[in-house]
Amino acid sequence: MSHHIIEFRDVRFRYPDGTDALKGVSFRITHGESVGIVGANGAGKSTLLLHMNGHLLPTSGDVTIGEVPLRKETRPEIRRKVGVVFQNPDDQLFMPTVFDDVAFGPLNLGLPPGRVRERVHEALRRVNALGLAGKPPHHLSGGQKSAVAIATVIAMEPDILVMDEPAASLDPKSRRSVIGLLNGFTHSKIIASHDLDLILDVCGRCLVIGDGAIVADGPAEKILSDAALLAENDLELPLTLQGRHTMGGTKP
């Protein structure tokens, strides 16, 4: 399914202040892949994600979503294909009620009211938030806001789901719910996170980005069990693997 493909070819991006945030990034993500993006603060993770639906355009190089090259004029089409959940839910929740927030995207797609209601109901059901439909978003807890932000994107039925720190500030129960939701999304998904255990649980592939470049790309378990590689990029082993490595180090 070519419409689920993301491809970066030698993508470079420089911010107006002269900061080179991406330095020749190239990779290809195909249909159904679950890909984690990890790296230290300032490595370029968020900048990379913002290129995936045209919030940023490359300074040079090419980004292709499906068969559509990313250009200023193609951003509306690409944003219908790629749903992005930002790290701060408040960036996505701005309507009077949760229902209105989740309905906003489908309404802008031109769907009839009945179909919009169906999409809102299904999206909120999937994130266990049906009971929040009539509530003002600013009255919600952090975990509830995160769930509703995810619902706003699911309601658009994107081909590709992109998430920036989906479990940040969530309690353990909400975090498990997010992991279950992500594992149930069968199309391509890309997740940037400092929560390496979440990446290990959800993603089959992992990219490590350092100083604006891809420094490693491979199976998530292999990448995330490489203590030396992670240390070189100011990362630590996932908690679930730290005990394994400690026990391994005690063997004769």
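The values are calculated or read from the model by the stated rules, or taken from the named source; none is laboratory data. Being a predicted model, the structure only gives us computed values, none of them experimental. With ideal geometry, Cβ positions are generated from the backbone for all residues, glycine too; neighbour counts draw on all protein chains shown.
Numbers below:
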quantity: Residue under evaluation P172, criteria (1) at pLDDT below 90; (2) more than 21 Å from the chain's Cα centre (by Cα), criterion not met; calculated: (2)
quantity: V11 vs. criteria surrounded by 15 or more Cβ atoms within 10 Å (Cβ to Cβ), over 18 Å from the mean Cα position of the chain (by Cα), farther than 30 Å from V148 by Cβ and in contact (Cβ under 8 Å) with a residue 40 or more places away in the chain; calculated: yes
quantity: Answer residue from the range 1-19, given it is out of contact with any strand residue (DSSP E or B) (no Cβ under 7 Å at 6 or more places or on another chain) and assigned to a loop (DSSP other than H, G, I, E, B) and is farthest from I214 (Cα to Cα) among those; calculated: M1
quantity: Selection from the range 76-94 of residues that are within 22 Å of H139 (Cα to Cα) and either modelled with pLDDT of 95 or more or under 18 Å from the mean Cα position of the chain (by Cα) (or both); calculated: V85, F86, Q87, N88, P89, D90, D91, Q92, L93
quantity: Residue list for the range 155-176, restricted to those being surrounded by 22 or more Cβ atoms within 10 Å (Cβ to Cβ) and outside any loop (DSSP other than H, G, I, E, B); calculated: I160, L161, V162, M163
quantity: Extreme residue, modelled with the lowest pLDDT, among residues of the range 47-64 that are of a type in the set (S, T, N, Q) and buried (at least 19 other Cβ atoms within 10 Å of the Cβ); calculated: N53
quantity: Residue match in the range 201-210 (condition: basic (K, R) and under 19 Å from the mean Cα position of the chain (by Cα)); calculated: yes
quantity: Any pair with Cβ under 9 angstrom, 6 or more apart, that starts in the range 136-150 at a residue that is under 18 Å from R125 (Cβ atoms) and among the aromatic types (F, W, Y) and ends at one that is assigned to a helix (DSSP H, G or I) and at pLDDT 90 or above; calculated: none
quantity: Residue that is nearest to the chain's Cα centre (by Cα) [pool: residues in the range 58-75 that are in contact (Cβ under 8 Å) with a residue 24 or more places away in the chain and under 30 Å from L235 (Cβ atoms)]; calculated: I65
quantity: Positions within the range 20-44 being buried (at least 22 other Cβ atoms within 10 Å of the Cβ) and outside any strand (DSSP E or B), in sequence order; calculated: G39, A43, G44
quantity: Sole exception among (1) under 22 Å from L170 (Cα atoms); (2) part of a loop (DSSP other than H, G, I, E, B); (3) of a type outside the set (F, W, Y) for G83, by number; calculated: (2)
quantity: Selection within the range 119-141 - in a helix (DSSP H, G or I) and either surrounded by 14 or more Cβ atoms within 10 Å (Cβ to Cβ) or small (G, A, S) (or both); calculated: R119, V120, H121, E122, A123, L124, R126, L130, G131, L132, P137
